[in-house]
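Bear in mind that the values in this text are calculations on the coordinates, not laboratory data. Small disclaimer: the values here were computed from a predicted structure and weren't measured. Methodologically, a virtual Cβ is constructed for each residue, glycine included, from the backbone with ideal geometry; neighbour enumeration extends over all protein chains shown.
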Amino acid sequence: APVSVTRVNGGQEYIVNDGLKEGDVIVAEGVGLLREGTPIKVKQN
């Protein structure tokens with residue numbers, strides 16, 4: 001299902017309204033640098 005978001009703070013932050021489920025992994029920083037095939041490292045908090 002598509003993820004539904006609302007932009008806040010002039011697009012600096014987003015609120016996820018729908019489309020994620022428990023256990024999904026998201027990119028929280030550096031999204032603008034991602035391109036198809038970009039390797040990523042999962043960082044646990």
Quickly run through the stretch 9-45 and pick out the residues that are more than 11 Å from the chain's Cα centre (by Cα) and part of a helix (DSSP H, G or I). N9, G10, G11, L33
Per the list (1) assigned to a strand (DSSP E or B); (2) touching a residue at least 12 places away in the same chain (Cβ under 8 Å); (3) surrounded by fewer than 10 Cβ atoms within 10 Å (Cβ to Cβ); (4) not aliphatic (A, V, I, L, M), residue check on T6 breaks on (2)
